[in-house]
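The values are calculated or read from the model by the stated rules, or taken from the named source; none is laboratory data. Values in this document were obtained by computation on a predicted structure and should not be read as measured data. In this analysis, Cβ positions are derived from the backbone assuming ideal geometry, glycine residues included, and neighbour counts consider all displayed protein chains. In case anyone asks, the SASA skips ligands and DNA or RNA and just uses the protein heavy atoms, side chains included. Shrake-Rupley method; radii C 1.70, N 1.55, O 1.52, S 1.80 Å.
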Amino acid sequence: MKNKNLNKIIESDLLNIKYDYIEYYVGMAKMVVYWHVKALGFKVVAYCGPETGVLDRCSYYIVKNNIKLVITSASQPSSYKIVSFVDLHGNGIKKIAIEVKDVQSFFKTVLESGAIPLEHPTVISDNNGSVEYATIKIFDDNEIVLINYNDYSGDFMPGYKNIESEWDVGEENTELEKIDHVACALRLNEINLWESYINNIFLSKTVKQFDERQTGGKKKIGILLKVLQSENKEMNNVLVEPDMANKTQVQLFIDQNYGSGIQHVAFSSTNIFKTVDILRTNGVKFTKYPDIYYDNLSAKYPHLDTTLLRKHGVLCDVLNDALLFQIFTAPIGDRATFFYEIIQRVNEYDGFGLDNIHALFEAMENELMTK
C-alpha cells in the first residue's frame, strides 16, 4: 500500500509539474538585483549571506507575481562553484527548481529514468522549519533542483532573512506574470540526447519540431528546434541546436557561453504593450525588426491591425483566432548570451511562434538585399 501511495504522489507531481524558481550565478548580485528591480519591476523579499550565517555566497530572493528568481554571487574567492561558473560562462542561469511533494521518492524515480545525480536529498533547517532538496544534472553546467517547502514557514528557504524594508523603492506594475518557457542552446548533435533525457525524467512530450538545417545548397536559417512540454503544459523547454553551415545566434551563444546552457527565459505578460512601454522607459533595450516584417504581416493577415505592433516593435504569430505577441530583449549582460523574452498569449494561443522564425528570416534577408 505504501508503494502505491508513493507512486500516486510521484504521479501527482509529474501531472502538476511547474517551474518554481530560477537561480542565476553572477559577478555582483546586488547590481543585477537592482537592475531587475528598477528595470523589470521585481520586489526584493529576502537575502542570505555571511550576515545570516551563509558564508560562501550572497543570494537575493526576488519576485514578480508568480515569477521567483534567486540572484547569487560569491562572497569570497574560495566560493569556487560560483566563481568558476561566472568566469567560464559569465552571468547566467545555474539552476531551475521544481517543487515536489516527496523529494526522496521523486529523486529515486528520476534516477531510475536516467537522471544524473549531483546532490542527493538533503534537509536544511532554521527556526522557521526545514526544506528538503536534491539536484540533478542538465546540460554542461546546469542543475535541476527538486525541492519541498511543506515543513517551512519562512519567506523562502533556511538561511534567508526578510529585507523588504531595505529595498522599498516602489514596485512598478510591469504586468509580468509567470515563467512561460525556458530556451536552451545546445551544440551540434546534442538535441536528441537532452530531448530523451528530459522527456524520460519528467514524462514530457516533444510537441513541436522546427527543422531548418542547411540541405542541398538552399539557404536556410540553420537551426533544429524542439519544444518539450509537460502534461499540464506548465513546463515548456525549448531546445535548439545549430547546423554546421551557418553562424547562427545559437552558435554565438555557445561560443560566448563557452558551452551549452540556458539561452533565455520567457515571461508572460498580461499586457505586452504596457510592459514594453514601461521597460523601454526604464532603459531596457529590445531587439529591433525591419519594417518589411510588419508589411508582410499586414499583407498576410489584412484583418490584423499592426499599428501597436509597429509602434512597440512586437512580433505577432496568428493561429486561427488566437494570437501570440512576443519581443526579445538585448542580452542583459556584457556577453552576447542570456536575454529575456516577453510574450502574451491571446485567446488561448498554445504554440511557440515558430512561423515568426521564418517570417523574421525572410524579412532580414529582404532588408539586406535592398541595402
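Annotation: Leu188 fulfils all but one of (1) part of a helix (DSSP H, G or I); (2) touching a Pro at 6+ places or on another chain (Cβ under 7 Å); the unmet one is (1). Scanning the stretch 161-176 for residues that are assigned to a loop (DSSP other than H, G, I, E, B), over 23 Å from Phe338 (Cβ atoms) and open to solvent by 40 Å² or more (accessible area, probe 1.4 Å) yields a count of 5. The criterion of at least 1 residues that are among the basic types (Lys, Arg), more than 19 Å from Val63 (Cα to Cα) and at pLDDT 95 or above is met, among strands (runs of 3 or more DSSP E) falling completely within the stretch 113-160, by 129-138. Checking Asn127, Asn199, Asn192 one by one, the residue that is without any contact (Cβ under 8 Å) to a residue 40 or more places away in the chain, among the polar types (S, T, N, Q) and exposed (fewer than 13 other Cβ atoms within 10 Å of the Cβ) is Asn127 and no other.
Name the residue that is modelled with the lowest pLDDT, counting only residues in the stretch 217-258 that are polar (S, T, N, Q) and within 17 Å of Val182 (Cβ to Cβ).
If we take residues in the stretch 217-258 being polar (S, T, N, Q) and within 17 Å of Val182 (Cβ to Cβ), then Gln249 is modelled with the lowest pLDDT.
Ile179 - would you say it is of a type outside the set (Asp, Glu) and surrounded by 19 or more Cβ atoms within 10 Å (Cβ to Cβ)? It is true that Ile179 is of a type outside the set (Asp, Glu) and surrounded by 19 or more Cβ atoms within 10 Å (Cβ to Cβ). A residue that is among the basic types (Lys, Arg), touching a strand residue (DSSP E or B) at 6+ places or on another chain (Cβ under 9 Å) and farther than 28 Å from Ile98 by Cα occurs somewhere in the stretch 205-215. Scanning the stretch 5-53 for residues that are closer than 30 Å to Asn232 by Cβ, part of a helix (DSSP H, G or I) and of a type in the set (Asp, Glu), we see that the one that is nearest to the chain's Cα centre (by Cα) is Asp13.
Cβ separations smaller than 7 Å between residues 6+ apart or across chains give the following pairs from the stretch 4-33 residues that are under 14 Å from Leu146 (Cβ atoms) to residues that are modelled with pLDDT of 90 or more and assigned to a helix (DSSP H, G or I): Ile9/Ser105; Ile10/Ser105; Ile10/Phe106; Ile10/Thr109; Asp13/Phe106; Leu14/Phe202; Ile17/Phe202.
Determine whether Tyr19 is touching a Phe, Trp or Tyr at 6+ places or on another chain (Cβ under 9 Å), of a type in the set (Phe, Trp, Tyr), surrounded by 21 or more Cβ atoms within 10 Å (Cβ to Cβ) and under 30 Å from Glu231 (Cα atoms). No. Of everything in the stretch 259-289, what is of a type in the set (Phe, Trp, Tyr) and modelled with pLDDT under 95? Give them in sequence order. Phe286, Tyr289, listed by residue number. Only one of the numbered conditions (1) crowded, with 19+ Cβ neighbours inside 10 Å; (2) touching a helix residue (DSSP H, G or I) at 6+ places or on another chain (Cβ under 8 Å); (3) farther than 16 Å from Trp167 by Cβ; (4) not aliphatic (A, V, I, L, M) is violated by Asp56, and that is (1).
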